[in-house]
């Protein structure tokens, strides 16, 4: 199991790359999916905002 928390703009490109690396030409039985973090319970949305701010600072 692999769990990643990434910016929403990275979700689709990551899934596409995972597919190209792990699935094409194999008998993979894996599953990959993305869930917007806002749709999860138990997460304080203030933590999400702080995480997004951290990502912006790191990317600058």
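Calculated mean residue ellipticity at 222 nm for the chain: -16500 deg cm²/dmol, from DSSP H runs with n ≥ 4 weighted as -39500 (n - 2.57), summed, divided by the residue count and rounded to 500. Estimated translational diffusion coefficient (Stokes-Einstein, Kirkwood radius over Cα pairs, 10 °C, 1.306 mPa s) of the chain: 118 µm² per second.
The numbers here are math on the coordinates, done by the rules we state, and not lab data. No experiment lies behind these values; they were computed from the predicted model shown.
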